[in-house]
Amino acid sequence: MQENQSFRPRGDTFLTLGSTPATDQVTRAGGPASGEVAYMVYNSGAGDAYLGYGMTSGAALTNAVIPTQGTPRAVLSCPAGSVQTFTLSPMLFFCAVTPGGNAPLMITPGTGA
């Protein structure tokens, strides 16, 4: 994958709703089944969210925590109103948590940055 390549969607966009606490509504991403996948994440909510991910739904739910010192997790910080792209493994599961309230996160699998 080239770093200067524009983001290209390669799967359906899905919604995961960050809440307090994280719910057991874990979503598996579609898109490419091999290689690296760029996940474009848009937090359309008014509050920050933390996006847990993993190869299983249980791992995504376990990782959907607000980070604290001494407890590392596979979690991505998604500030309110931000659009970010993360390059990860294909076919991951996602689950989100917020410090308070709800945060809708729209995730699109693809390639590029």
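Applying a threshold of 6 Å to beta carbon distances and a minimum spacing of six or more residues, or different chains, the list of pairs starting in the stretch 52-76 at a residue that is in contact (Cβ under 8 Å) with a residue 40 or more places away in the chain and ending at one that is basic (Lys, Arg) reads Val65/Arg73.
With respect to Val75, determine if the residue is surrounded by 15 or more Cβ atoms within 10 Å (Cβ to Cβ) and among the β-branched types (Val, Ile, Thr).
Details: surrounded by 15 or more Cβ atoms within 10 Å (Cβ to Cβ): yes; among the β-branched types (Val, Ile, Thr): yes.
Here the answer is yes, as Val75 does meet what is asked.
Residues in the stretch 57-113 that are touching an Asp or Glu at 6+ places or on another chain (Cβ under 9 Å), among the small types (Gly, Ala, Ser) and under 12 Å from Val26 (Cβ atoms): Ser57 alone. If you go through the stretch 89-113 and keep only what is surrounded by 15 or more Cβ atoms within 10 Å (Cβ to Cβ) and out of contact with any strand residue (DSSP E or B) (no Cβ under 6 Å at 6 or more places or on another chain), you end up with just Met91.
For the condition more than 20 Å from Ala113 (Cα to Cα), of a type outside the set (Val, Ile, Thr), assigned to a strand (DSSP E or B) and at pLDDT 95 or above, Gly18 does not qualify.
On the stretch given as the stretch 17-58, residues that are touching a Leu at 6+ places or on another chain (Cβ under 9 Å), buried (at least 18 other Cβ atoms within 10 Å of the Cβ) and over 23 Å from Phe7 (Cα atoms) total 3. Take the conditions in contact (Cβ under 8 Å) with a residue 24 or more places away in the chain and surrounded by fewer than 14 Cβ atoms within 10 Å (Cβ to Cβ) and apply them to Gly81. Does it pass? Here the answer is yes, as Gly81 does meet what is asked.
The values are calculated or read from the model by the stated rules, or taken from the named source; none is laboratory data. Only a predicted model underlies this, so the values are computations on that prediction, with no experimental measurement involved. All Cβ positions, even for glycine, are placed from backbone atoms using ideal geometry, and neighbour counts span all protein chains on display.
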